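These notes concern the structure reproduced below.
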Amino acid sequence: MKQLDIKKLHMYREIHQQAEAVLRTKSINIEKIKIIASKIKEKNINNVILSARGSSDNVCVYFKYICEIFAGLPCGFAAPSVSTIYGGKLKYDNTLVIGVSQSGAGLDILNVIEEAKKAGAMTIAITNYETSLLAHAADFHLYLGCGDEKSVAATKTFITEMYVLGLMCAEIADSDYLRKNLDMVPELLKQTLEEENKIIELANLCTNFYDCYFLSRGINYVSVLESALKLQETTYIKSKAYSVSDFYHGPFAVVDSTQNIFLLHGQGRANMDLYEMFEKLMDAGANVIVISNDSYFADYPKTFFVPKCEECVSPFVIIEIMQLFSCALAVAKGNNPDIPRGLKKVTITR
């Protein structure tokens, strides 16, 4: 069977559109985000509930970390079945509810927003479709504006969702530090893809993988969640993501010389936890691949280095690498990552 040309795939092309996409997303939304931030302060919001599925749910994990770290607002995740199946009624006093869906077609996310709005919550929808039901249901709509995403695997919608939520956190927290680092993301994304050939070479070395684990901690927990999902849906490799702190509680027992581990790490506050896990994995003889910008791993031959950046934006470059890695590995295994088996672009759940 003739191998697909990776450069003709929608997934490949959409990964390469991400640097420009985040710039468009900012230009479209930044003034509205400033209004939203002022409303959050005006309404004395002290609690945030997030509602999403799939990759968008992983995006919300990123927002939870940076919102709690920089803005001090506790963030939780909605369980849509509480209202859609069980008819539960929640109290949303002083609460912001955010629904994130690239299509805006998820009925469960829509229900969460509608019920929250009835109960007095401030609501925000983030979608890539201005005419979607979700976009019209919320008090505020943040439009990604990144163009149609034709590949089933989310890439540019994921990155722009993460970026627009980062921008919102920067305004809520009034953090020049976050603003400055988010402004660097487009260039960081471009720099990352300058190493495209090396990423593809790495993928070609992993065609015999049957299963693997992804490990990180803190802000980069989003990176392992999204990377495991991308690998599952494009290559069909059984993948599981853990925080290193959770991996110690039982799952570490599976580690031996046959186990493949991806350690995803942006240098920062979680350094010591990643170092300790790395050494423990080495002692167990695991096959460890490190994706990091930390010189601690400089002498380890299975390290792929990402551009230097602050921890708060390192997920953007780490995830972009794993997007391209997944795309290339799918091609190397004879799969078409644009149309993975059993999946559709828009999935309706309740």
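The values are calculated or read from the model by the stated rules, or taken from the named source; none is laboratory data. Only a predicted model underlies this, so the values are computations on that prediction, with no experimental measurement involved. Heads up, the Cβs are rebuilt from the backbone with ideal geometry, glycines too, and the neighbour counts pull from every protein chain shown. Surface accessibility is based on the protein's heavy atoms, side chains included, excluding ligands, DNA and RNA. Shrake-Rupley method; radii C 1.70, N 1.55, O 1.52, S 1.80 Å.
Structural remarks
- Think of a 1.4 Å ball rolled over the protein heavy atoms: the chain then has 42 Å² of accessible area per residue.
- Calculated over the chain, the projected area of the Cα convex hull averaged across directions stands at 17.0 nm².
- The gain in end-to-end length when the K89 to S27 segment is fully stretched comes to 18.6 nm, 0.36 nm per residue minus the alpha carbon separation.
- In the chain, the calculated helix contribution to ellipticity at 222 nm averages -14000 deg cm²/dmol per residue, counting -39,500 (n - 2.57) for every DSSP H run with n ≥ 4.
- Ordering of 312-321, 207-216 by packing is 312-321, 207-216, highest average first (other Cβ atoms within 10 Å, averaged per residue).
- Our coupling estimate for the range 16-27, obtained by passing each phi through the Karplus curve with A = 6.51, B = -1.76, C = 1.60 and θ = phi - 60°, is 6, 8, 5, 4, 6, 5, 5, 5, 5, 4, 5, 4 Hz, Gly and Pro reported as x.
- The angle between the Cα long axis of helix 156-173 and the longest principal axis of the Cα atoms of the chain comes to about 60 degrees, rounded to the nearest 10.
- Computed FRET value (nearest 0.05) for Y248 with D174, which takes r as the C-beta separation and R₀ as 30 Å: 0.25
- Counting only lysines at least 8 places from K308 when in the same chain, those with an alpha carbon closer than 19 Å to its own are K180, K190, K198.
- Sorting the Cα pairs of the range 7-99 by distance into bins of 5 Å, from 0 upward, gives 3, 10, 15, 19, 20, 14, 9, 7, 3, 1 percent per bin.
- At 1.567 mPa s and 4 °C, Stokes D of the range 87-243 from Kirkwood alpha-carbon radius, µm² per second: 72
- Highest mean packing first, where packing is the average number of other Cβ atoms within 10 Å per residue, the peptides 5-15, 55-65, 177-187 line up as 55-65, 5-15, 177-187.
- Restricting the calculation to Cα atoms, the range 232-278 yields a radius of gyration followed by a Dmax of 12.2, 33 Å.
- With every protein chain in place, the chain: carbon and sulfur % of accessible area (1.4 Å): 50
- For the range 1-99: lysine pairs under 23 Å (alpha-carbon distance), excluding those fewer than 8 apart on one chain: 17
- C-alpha long axis of helix 54-66 to longest principal axis of the chain, angle in °: 80
- Unit charges at the beta carbon, dipole of the chain: most positive-side option, Y62, V313, I85: I85
- Each other residue within a Cβ distance under 14 Å of K198 adds +1 if Lys or Arg and -1 if Asp or Glu, for a net charge of -4.
- By average C-beta atoms within 10 angstrom, highest first, the peptides 247-255, 24-32, 95-103, 114-122: 95-103, 114-122, 24-32, 247-255
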